[in-house]
Amino acid sequence: MEFDGEFELDGVPPEKAWIVLSDPMAVRDSLKGCRYITPMDDDFNFDEYEPEEDVEMLPDADPEIIAERAFVEGQKYAALMQVGVGSVKPRFETTVTIDERDSENFRMVATGGGDASGSSFSMESGMQIHGLEDGEGSRIEWWTEADISGRIAQLGSRVIKPVANKIVNNFFSSIEQQMTDVDEDANSGVTDRLRNML
């Protein structure tokens with residue numbers, strides 16, 4: 001199954017969009033049904049992991065903390081997702097690897113997969129951020145190729161695609177709000193300091 005699209009962020013330059021989209025915590029907070037996204041090793045246990053609470057977020061967080069937890073090329077991450085598709089609400093234990101993270105061209109590519117009771121998926125996903133011609137905003141191009149099996153796959157693309165599109169639209173709307181919050185606090189110089197670290 002293939003999904004792709006574009007999303008425009010008015011008044012948010014690519015550098016600022018990249019900063020927020022590089023923060024696993026910002027991504028977690030924008031993905032409905034996501035309990036956590038965290039770096040993982042071979043001993044990681046989904047049942048035992050307790051996500052951090054009260055994590056500092058932009059624009060208040062220390063830029064060094066944001067830069068330290070930013071996605072890393074080659075790193076594997078664990079994500080716990082619960083997504084409702086029709087009457088099915090599986091809890092996916094998901095593993096994602098950042099295969100490519102190109103800060104100069106604002107491009108990121110990830111692969112991964114997950115399992116839930118009676119359903120599973122594997123996917124390759126990516127995004128690239130472009131500046132708009134007016135120099136005032138960003139256009140985010142995103143794409144995903146997914147193989148879905150089990151109970152969710154039986155629902156078919158007519159049910160799955162609208163749910164996926166809703167999740168993506170909610171995600172980018174939330175990201176845009178987070179960027180607006182950062183923008184309004186631009187006097188703090190947080191984004192300029194982060195730009196040099198990421």
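The values are calculated or read from the model by the stated rules, or taken from the named source; none is laboratory data. Predicted model, so just to flag it, every value in this text is computed and none were measured. We place every Cβ from the backbone using ideal geometry, glycine too, and count neighbours over all the protein chains shown. Surface accessibility is based on the protein's heavy atoms, side chains included, excluding ligands, DNA and RNA. Shrake-Rupley method; radii C 1.70, N 1.55, O 1.52, S 1.80 Å.
Listing for the model above:
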{"read-out": "Members of the range 69-81 that are over 15 Å from residue 29 (Cβ atoms) and open to solvent by 30 Å² or more (accessible area, probe 1.4 Å)", "value": "72, 73, 74, 75, 76"}
{"read-out": "Every pair of residues 6+ apart whose Cβ atoms lie under 8 Å, when the first sits in the range 61-77 and is at positive phi while the second is among the β-branched types (Val, Ile, Thr) and surrounded by 17 or more Cβ atoms within 10 Å (Cβ to Cβ)", "value": "74/98"}
{"read-out": "Residue pairs meeting the criteria (Cβ under 8 Å; at least 6 apart or on separate chains; first within 20 Å of residue 140 (Cβ to Cβ) and of a type in the set (Phe, Trp, Tyr), in the range 155-175; second at pLDDT 85 or above and open to solvent by 30 Å² or more (accessible area, probe 1.4 Å))", "value": "171/31; 171/32; 172/7"}
{"read-out": "Residue within the range 101-108 that is at positive phi, surrounded by 18 or more Cβ atoms within 10 Å (Cβ to Cβ), in contact (Cβ under 8 Å) with a residue 12 or more places away in the chain and not in a helix (DSSP H, G or I) present", "value": "yes"}
{"read-out": "Unmet requirement for residue 122, which otherwise passes all of (1) touching a helix residue (DSSP H, G or I) at 6+ places or on another chain (Cβ under 8 Å); (2) under 27 Å from residue 36 (Cβ atoms)", "value": "(1)"}
{"read-out": "Selected residue (criterion: farthest from the chain's Cα centre (by Cα)) from residues of the range 54-100 that are part of a loop (DSSP other than H, G, I, E, B), among the small types (Gly, Ala, Ser) and within 19 Å of residue 32 (Cα to Cα)", "value": "87"}
{"read-out": "Single residue of the range 150-194 satisfying the filter (at pLDDT below 85 and not in a helix (DSSP H, G or I)) that is surrounded by the most Cβ atoms within 10 Å (Cβ to Cβ)", "value": "185"}
{"read-out": "Filtered residue count, the range 131-149, keeping only those that are of a type outside the set (A, V, I, L, M, F, W, C), open to solvent by 50 Å² or more (accessible area, probe 1.4 Å) and under 17 Å from the mean Cα position of the chain (by Cα)", "value": "3"}
{"read-out": "Among (1) of a type in the set (D, E, K, R); (2) modelled with pLDDT under 90; (3) under 15 Å from the mean Cα position of the chain (by Cα) - the single one residue 10 does not satisfy", "value": "(3)"}
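Yes or no, residue by residue, for (1) over 27 Å from residue 56 (Cβ atoms); (2) modelled with pLDDT under 95:
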{"site": "76", "(1), (2)": "no, no"}
{"site": "84", "(1), (2)": "yes, yes"}
{"site": "99", "(1), (2)": "yes, no"}
{"site": "116", "(1), (2)": "yes, yes"}
